[in-house]
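Structure, as structure tokens:
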Amino acid sequence: MTVTKSSSILIIGAGTWGASTALHLGRRGYTNVTVLDPYTVPSAISAGNDVNKIISSGQYSNKKDEIEVNEILAEEAFKGWTTDPLFKPYYHDTGVVMSACSSAGLDRLGIRVRPEEEPDVSEVTKPEHFRQLAPAVLKGNFPGWRGYHIRSNAGWAHARNALVAAIREAEKLGVKFVTGTQGRVITLIFENNDVKGAVTADGKIWRAEQTVLCAGANAAQFLDFKDQLRPTAWTLAHIRLKPEERALYKNLPVIFNIEKGFFFEPDEERGEIKICDEHPGYTNMVKSADGHLTSLPFEKTQIPKESEARVRALLSETMPQLADRPFSFARVCWCADTANREFIIDRHPEHPSLVLGCGASGRGFKYLPSIGNLIVDAIEDKVPEKVHKLTRWSPDIAVDRKWRDTLGRFGGPNRVMDFHDVKEWTNVQNKDTAKL
């Protein structure tokens, strides 16, 4: 399909991938780009509107072709974090400790971390090895923990600030962001077996020569993905440190146990440590009018009490001095899982003017500097074949999809949970952080 620099392009969603796509369209000289989102940017429900996100090159597959493509994508992303002046200020090369406890967890860890291929990786096999990483704050017993310390070329990014930077730069390049009721998409415009734009809540019809769907966990509300997407949620909490404590935690490597959870050094703006309990995720399964099961995302700035218990258990094993501290913020964070945790970046085979940038599968933020470049390649029909093979529209692999598939994740009860079964939620008094 012929696309010119003046073609009208409409992006649905101003989260991580929508913002990245807008940025790269602007950088390539496109002059008629509009982004629609119901929230003031950065979107309050975007998974990327967060304090910290892990930046590392971990693998999620042991298949040679998938490893090769994911390495290409990861290298492009990391190049962006370390060399692009727009994103470089937000990356912190603190290192990452990847660990597990059970034999199954350690086997999975062997897929995600390949120490023989990384020159700056060392094993951590004893509790004292973990404590030595930051003796002033890592005071726990680390029972049964084993793993790897990736000392460099891994760390975290200040997610919200990087996302805002991408949006502001896109605006400077001429991209228009429309938010609020005017940006709340009600439906795509389906005409003549194609998509010709979208209709927003104020009744306005937004026609476009190219429509790009980057709506994250909400994408399946606009298009039949034939079970390729499962909106899945994770849970996080913040603890605000006292001003006099914050220097002790500075430069703490990211500590990630794939069966327990992870945490970061405090952000400099609020002095808050973000902690996530690790688990295969929550769904919110409901039946549609035609009886089809789907997981429906919702916004909530609280977490289940069972998640709070897991967060505090993680802290008891690692930083017991914080285990009983009150939370300053808590949130449910949604993403969209594909059946194989690979992205969907493709032109829709039945709607030739619709391009998809979906299925981040819980690992999409680290690609903020570069994923838009790939999505623009899809708009221009020039995605490399070996990449397209992995990121193609592929309902064939979602036939008879098992909605409770853990997708290789561990933690909690080691199964996908559902919010309908949650009996009690936290009552965190989210203050200024509630703007996240």
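Residues that are out of contact with any strand residue (DSSP E or B) (no Cβ under 9 Å at 6 or more places or on another chain), in a helix (DSSP H, G or I) and of a type outside the set (A, V, I, L, M) within the stretch 87-108 comprise K88, S103, listed in sequence order.
Restricted to the stretch 132-174, and to residues there that are closer than 22 Å to G110 by Cβ and polar (S, T, N, Q), the residue that is farthest from the chain's Cα centre (by Cα) is S152.
Within the stretch 145-203, the set of residues being free of Cβ contacts under 8 Å to residues at least 40 places away in the same chain and on the phi > 0 side of the Ramachandran plot comprises N192, G203. For D267, state whether it is surrounded by 15 or more Cβ atoms within 10 Å (Cβ to Cβ), modelled with pLDDT under 95 and within 19 Å of the chain's Cα centre (by Cα). Against the criterion (surrounded by 15 or more Cβ atoms within 10 Å (Cβ to Cβ), modelled with pLDDT under 95 and within 19 Å of the chain's Cα centre (by Cα)), D267 qualifies. Within the stretch 227-270, the set of residues being under 14 Å from A157 (Cα atoms), among the aliphatic types (A, V, I, L, M) and in a loop (DSSP other than H, G, I, E, B) comprises L252 only. Inspect all residues belonging to the stretch 1-16 and state whether any of them is closer than 30 Å to K300 by Cα, assigned to a helix (DSSP H, G or I), of a type outside the set (K, R) and in contact with a helix residue (DSSP H, G or I) (Cβ under 8 Å, 6 or more places away or on another chain). Checking the stretch 1-16: at least one residue is closer than 30 Å to K300 by Cα, assigned to a helix (DSSP H, G or I), of a type outside the set (K, R) and in contact with a helix residue (DSSP H, G or I) (Cβ under 8 Å, 6 or more places away or on another chain).
Is the stretch 387-401 home to any residue that is in contact with a helix residue (DSSP H, G or I) (Cβ under 7 Å, 6 or more places away or on another chain), at pLDDT 95 or above and under 30 Å from I303 (Cβ atoms)? No, the stretch 387-401 contains no residue that is in contact with a helix residue (DSSP H, G or I) (Cβ under 7 Å, 6 or more places away or on another chain), at pLDDT 95 or above and under 30 Å from I303 (Cβ atoms). Residues in the stretch 112-126 that are assigned to a helix (DSSP H, G or I) and under 18 Å from V254 (Cα atoms): R112, P115. Among the residues of the stretch 4-48, those that are of a type in the set (S, T, N, Q) and closer than 17 Å to D381 by Cα comprise T4, S6, S7, S8, T21.
Of all the listed residues (V311, V355), the sole one being touching a Lys or Arg at 6+ places or on another chain (Cβ under 7 Å), surrounded by 20 or more Cβ atoms within 10 Å (Cβ to Cβ) and either under 30 Å from N373 (Cβ atoms) or touching a residue at least 60 places away in the same chain (Cβ under 8 Å) (or both) is V355.
Could you tell me whether the stretch 390-398 includes any residue that is touching a Phe, Trp or Tyr at 6+ places or on another chain (Cβ under 7 Å) and touching a residue at least 40 places away in the same chain (Cβ under 8 Å)? So far as the stretch 390-398 goes, yes, one or more of its residues are touching a Phe, Trp or Tyr at 6+ places or on another chain (Cβ under 7 Å) and touching a residue at least 40 places away in the same chain (Cβ under 8 Å). When the residues of the stretch 17-55 are filtered to those that are assigned to a loop (DSSP other than H, G, I, E, B) and within 13 Å of the chain's Cα centre (by Cα), the one that is modelled with the lowest pLDDT is I45. Entry remark, the stretch 193-226: residues being in a loop (DSSP other than H, G, I, E, B) and within 27 Å of K300 (Cβ to Cβ) number 8 in total.
Is it true that V376 is touching a residue at least 40 places away in the same chain (Cβ under 8 Å), closer than 30 Å to H92 by Cβ, among the aliphatic types (A, V, I, L, M) and in contact with a Lys or Arg (Cβ under 7 Å, 6 or more places away or on another chain)? Yes: the conditions hold for V376.
Here's the yes/no breakdown for (1) part of a helix (DSSP H, G or I); (2) surrounded by 15 or more Cβ atoms within 10 Å (Cβ to Cβ); (3) outside the structural domain of K260 (by TED's automatic domain parsing); (4) modelled with pLDDT under 95:
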| residue | (1), (2), (3), (4) |
| --- | --- |
| E66 | yes, yes, yes, yes |
| F78 | yes, yes, yes, no |
| P85 | no, no, yes, no |
| G110 | yes, no, no, yes |
| L133 | no, yes, no, no |
| P143 | no, no, no, no |
| G147 | no, yes, no, no |
| A162 | yes, yes, yes, no |
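Once the stretch 164-192 is narrowed to residues that are part of a strand (DSSP E or B) and of a type in the set (A, V, I, L, M), the residue that is farthest from G18 (Cα to Cα) is I189.
The values are calculated or read from the model by the stated rules, or taken from the named source; none is laboratory data. If you're wondering where the values come from, they're calculated on a predicted model, not measured in any experiment. So basically every Cβ, Gly included, is an ideal-geometry build from the backbone, and we count neighbours across all protein chains shown.
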